[in-house]
Amino acid sequence: MRRLGIEHHAGIGRTGVVAVIRGRDGGGSVGLRADMDALPMQEENEFPHRSRYDGRMHACGHDGHTTMLLAAARYLAETRNFGGTVNLIFQPGEEASPARAR
């Protein structure tokens, strides 16, 4: 977010981030959310993109969700071709953390 020049608030739920992008005109607001945690399981492969941390695996699409939300943030910040405000919520611990949404 910092490199993209997007207002953001870090440390939500310990590692979460909420970014705020305001459009060209006033209006309502909408939230877009991506989960960004790893699962507590051992990866049993040697792929270059495997987790760097023993006992943690990105096995359920969260990396893809986070990538898509980052791409949306970049596009929205560059164009601002919308009215209102977009809140981009990068949610940690969606699977099992005490900080997860319930």
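The values are calculated or read from the model by the stated rules, or taken from the named source; none is laboratory data. Owing to the predicted nature of the structure, the values given are computational and were not obtained by experimental measurement. Here Cβ is always computed from backbone atoms with ideal geometry, including for glycine, and neighbour counts include all displayed protein chains. Note: areas computed on protein heavy atoms with side chains; ligands, DNA, RNA excluded. Shrake-Rupley method; radii C 1.70, N 1.55, O 1.52, S 1.80 Å.
With respect to (1) acidic (Asp, Glu); (2) touching a Pro at 6+ places or on another chain (Cβ under 9 Å); (3) surrounded by fewer than 17 Cβ atoms within 10 Å (Cβ to Cβ), the lone exception for Asp35 is condition (3). Suppose we keep only residues that are in contact with a strand residue (DSSP E or B) (Cβ under 9 Å, 6 or more places away or on another chain), assigned to a loop (DSSP other than H, G, I, E, B) and charged (D, E, K, R) within region 1-24. Which one would you say is most open to solvent (accessible area, probe 1.4 Å)? So, considering only residues that are in contact with a strand residue (DSSP E or B) (Cβ under 9 Å, 6 or more places away or on another chain), assigned to a loop (DSSP other than H, G, I, E, B) and charged (D, E, K, R), the one most open to solvent (accessible area, probe 1.4 Å) is Arg2. Only a single item in (1) on the phi < 0 side of the Ramachandran plot; (2) exposed (fewer than 14 other Cβ atoms within 10 Å of the Cβ); (3) not hydroxyl-bearing (Ser, Thr, Tyr) is not met by Gly27, and it is number (1). Looking only at residues in region 40-62 that are of a type outside the set (Lys, Arg) and buried (at least 16 other Cβ atoms within 10 Å of the Cβ), the one that is farthest from Met1 (Cα to Cα) is Glu43.
Each residue in region 39-62 was checked for being in contact (Cβ under 8 Å) with a residue 24 or more places away in the chain and within 13 Å of the chain's Cα centre (by Cα), and 1 pass.
Exactly one residue out of Gly93, Gly64 is of a type outside the set (A, V, I, L, M, F, W, C), in a loop (DSSP other than H, G, I, E, B) and modelled with pLDDT under 90: that is Gly93.
Residues in region 72-84 that are within 19 Å of the chain's Cα centre (by Cα) and open to solvent by less than 60 Å² (accessible area, probe 1.4 Å): Ala72, Ala73, Leu76, Ala77.
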